[in-house]
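Peer 1: Next up is a structure, given as structure tokens.
Read-outs throughout are calculated quantities, based only on the coordinates presented, and are distinct from any laboratory measurement. Bear in mind the structure is a predicted one, so any value in this text is a computation, not a measurement. Methodologically, a virtual Cβ is constructed for each residue, glycine included, from the backbone with ideal geometry; neighbour enumeration extends over all protein chains shown.
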Amino acid sequence: MDGASYPVSPVQVVHSDVVVVGSGTAGMAASLALAQAGRRVRLLTKTDDLPGGSSLWAQGGVAVALGAGDSAADHAADTVVAGAGLTDPAMARLLAEAGIAEMSALLEAGLPADRGADGKPLLGREAAHGRHRILHAGGDATGRTLVTFLADRVRATPGISIHTRAAAADLVVRETGRGRRAQGVLAYEDGVGWVLHVAPHVVLATGGTGQLWAVTTNPPEATGDGMALAARAGAHLADLEFVQFHPTALAVAGPPGRRPLLTEALRGAGAKVLDAGGHAFMADEHPDAELAPRDVVARAIGRRVARGEKVFLDLRPIWAAGGARKFPTVAGICAEAGLDPAAAPVPVAPAAHYHMGGVLTDADGRTSIPGLWAAGEVACTHVHGANRLASNSLLEAVVFAGRVAAALMAEPAAPQPVAVPHAPMVPGGAATADLAAEAQLLMAEKVGLVRDGMGLAEAALRLQGLTLAAQRLVPARDYAGIRAGLELRNRLLLSRLVVEAAKRREESRGAHTRADHPETRDAWRHHQILTYSDLSRVAEVEPATTRETRS
Ligand code: SIN
């Protein structure tokens with residue numbers, strides 16, 4: 001869509017050992033590990049400051065087998081069950097084992113975990129975990145506590161150069177004598193302009209894709225940038241059809257975008273899901289009622305919401321027992337929305353929450369393009385399979401960021417000549433927001449909790465139309481416009497890939513439900529790998545590699 005013309009703009013070139021894109025848990029943890037080992041790191045984030053990403057908003061904790069009687073094997077087994085046949089047991093074991101070491105190191109380094117009277121970390125229990133193994137720090141603000149802790153350390157680490165308001169546009173990938181290799185990232189930086197960040201290693205840590213849907217628990221920056229950048233560069237993406245919807249986001253009116261999450265720990269603490277008549281209907285849906293797997297609860301609520309009915313979460317008994325102190329984030333969210341959970345049940349609806357698929361990596365975060373690495377939600381390690389177990393995502397980000405750093409440092413890369421790409425023309429103007437909102441609503445309607453072949457085919461066509469419409473927009477001129485234009489480009493490309501993946505998987509499994517294929521089929525018990533070339537062409541994006549003009 002942005003391949004129409006490339007007005008020549010000067011591109012500044014800077015060099016480092018590693019470029020990390022993204023400022024959430026994975027990006028900051030990888031940057032720290034690399035800088036502490038002496039690497040010069042450039043950390044790019046399109047947000048105004050550290051930390052960015054979904055971790056800041058996460059209300060769950062970190063699943064880690066630290067409790068008496070618990071083990072990595074048990075944690076891995078629960079992870080495999082949740083994954084609905086597509087979690088790789090070896091990866092689940094690796095996550096659980098390495099997670100104990102990584103989280104112990106963070107606790108040792110001063111991560112302020114919630115602790116009991118005996119000084120030991122308190123471990124909570126969540127749905128589908130067989131043990132008490134959820135570590136919290138700051139109660140329901142665990143993600144915030146973790147990323148704030150990491151951000152303070154990143155800022156204090158001299159080897160990390162932080163570039164805020166730096167929107168990554170494209171990866172630069174070069175044909176070498178021995179195949180293709182990532183060479184850097186072309187980014188637009190506020191107050192600077194276009195910058196080519198050259199490095200022998202690029203780590204994608206851009207988080208998830210919630211903002212592809214109209215209602216999401218994810219922050220505005222979660223537009224799937226890293227997955228789209230990787231796709232345009234020709235990398236393999238896996239399992240894109242598997243998107244987890246959180247059952248209980250606060251149902252407040254407003255334009256497409258983020259809705260605050262009401263943690264499932266509330267249901268763990270006894271909150272009931274009620275229909276408009278006050279009936280606690282989850283007991284009719286599943287033997288585990290409110291503690292049924294997340295996808296079951298989300299579909300049960302989503303079905304009612306789709307029929308125009310209202311659904312509520314009843315926090316009154318929890319609040320009567322002092323819950324506002326235990327769930328300060330939830331208390332703040334409700335107060336901001338003008339709701340009093342002690343007085344009346346609060347309205348909820350499902351929201352796009354977590355992408356199990358992503359850029360395909362091995363156990364060390366290597367992608368299919370040498371020199372390109374991925375960690376955290378942007379990556380697909382096959383840990384989560386078709387459905388992620390609650391509180392495994394912060395753990396995955398910490399564990400695989402560490403593994404990427406270690407593996408990357410063991411792979412020295414000789415400097416290569418770099419061809420400087422032209423700066424791209426980025427679509428801009430007020431219509432950018434309109435096209436983005438239309439795509440979000442389309443994804444929510446046709447590619448949400450329940451999909452079918454006809455709806456997916458329609459979504460594919462309409463997304464092509466939006467892609468063509470975006471090509472006709474006037475060029476963006478300033479940072480905000482260029483960021484929005486790049487996000488639109490990424491959003492449309494990734495939405496099309498998600499639709500393609502969902503269309504192809506003719507079964508229901510984990511978080512992917514097809515009304516026209518309700519059964520789970522053994523023949524589909526495999527991963528699905530897509531590349532950019534699997535999309536039918538509609539004057540698509542030219543990757544930066546094809547635009548070499550000067551060296
Ligand atoms: C929640 O607290 O409900 C979300 C936690 C998670 O997604 O792991």
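Peer 1: How big is the charge dipole of the chain about its Cα centre, in debye rounded to the nearest 20, if each Lys and Arg gets +1 on its Cβ and each Asp and Glu gets -1 on its Cβ?
Peer 2: Dipole size: approximately 600 debye.
Peer 1: Under the rule of at least 5 residues apart or a separate chain, name every residue whose amide H is placed under 5 Å from the amide H of Gly24.
Peer 2: Gly52
Peer 1: Further question: Going by average Cβ density within 10 Å per residue, which order do the peptides 65-71, 312-318 take, highest to lowest?
Peer 2: 312-318, 65-71
Peer 1: Let me ask another. Grab the beta carbon distance between His526 and Asp362, set R0 = 22 Å, and tell me the FRET efficiency rounded to 0.05.
Peer 2: FRET efficiency, His526 to Asp362: 0.80.
Peer 1: Could you work out how far helix 72-82 tilts from the main Cα principal axis of the chain, as a 0 to 90 degree angle to the nearest 10?
Peer 2: The two axes meet at around 90 degrees.
Peer 1: Roughly speaking, what is the centre-to-centre gap between segment 289-311 and segment 375-441 when only Cα atoms are used, to the nearest Å?
Peer 2: Going from one Cα centre to the other spans 30 Å.
Peer 1: Residues with beta-carbon under 10 Å from that of Ala289, excluding Ala289: net charge, scoring Lys, Arg +1 and Asp, Glu -1?
Peer 2: -2
Peer 1: Contour minus end-to-end for Ala73 and Val13, with contour as 0.36 nm per residue of separation and end-to-end as the Cα-Cα distance?
Peer 2: Extra length available between Ala73 and Val13 comes to 16.8 nm.
Peer 1: If R₀ is 30 angstrom, what is the calculated FRET efficiency for the pair Asp478 and Ala37, using the beta carbon separation as r and rounding to 0.05?
Peer 2: In this case the efficiency is close to 0.20.
Peer 1: Along the charge dipole of segment 171-263, Cβ charges K/R +1 and D/E -1, which of Asn218, Pro247, Gly184 sits furthest on the positive end?
Peer 2: The one lying farthest along the dipole's positive direction is Gly184.
Peer 1: For Val420, which sequence-distant residues (separation of 5 or more, or a different chain) have an amide H within less than 5 Å of its own amide H, given hydrogens modelled in the peptide plane?
Peer 2: Thr549, Arg550, Ser551
Peer 1: Calculate, for Arg178 and Ala289, the FRET efficiency according to 1/(1 + (r/R0)^6) with r their C-beta to C-beta distance and R0 60 Å; round to the nearest 0.05.
Peer 2: 0.60
Peer 1: Report the Cα centroid-to-centroid distance between segment 520-536 and segment 104-154 in angstrom, as an integer.
Peer 2: 36
Peer 1: Would you mind counting up the charge near Asp152? Only other residues with Cβ under 15 Å from its Cβ, with Lys and Arg at +1 and Asp and Glu at -1.
Peer 2: +2
Peer 1: Looking at the square roots a ≥ b ≥ c of the eigenvalues of the Cα gyration tensor of segment 332-381, which shape do they give, rounded for a/c under 1.5, prolate if a/b is larger than b/c, or oblate?
Peer 2: prolate
Peer 1: Greater than 27 Å separation of Cα atoms is the criterion. Which listed pairs, Lys120/Lys326; Lys46/Lys310; Lys272/Lys326, meet it?
Peer 2: With Cα atoms farther than 27 Å apart: Lys46/Lys310.
Peer 1: HN-Hα J couplings of segment 475-488 from phi, Karplus 6.51/-1.76/1.60, θ = phi - 60°, integer Hz, Gly and Pro as x?
Peer 2: Listing the rounded values in order: x, 6, 10, 10, 4, 4, x, 5, 4, 5, x, 5, 5, 4 Hz.
Peer 1: Between helix 294-306 and the chain, what is the angle of the helix's C-alpha long axis to the longest principal axis, kept within 0 to 90° and rounded to the nearest 10?
Peer 2: 90
Peer 1: Got a sec? How would Ile160, Ile369 order by Cβ neighbour count within 10 Å, fewest to most?
Peer 2: Ranking Ile160, Ile369 by Cβ neighbours within 10 Å, fewest first, gives Ile369, Ile160.
Peer 1: Per-residue ellipticity at 222 nm for the chain, helices alone: DSSP H runs ≥ 4 residues times -39500 (n - 2.57), over residue total, nearest 500 deg cm²/dmol?
Peer 2: Per the formula, -10500 deg cm²/dmol.
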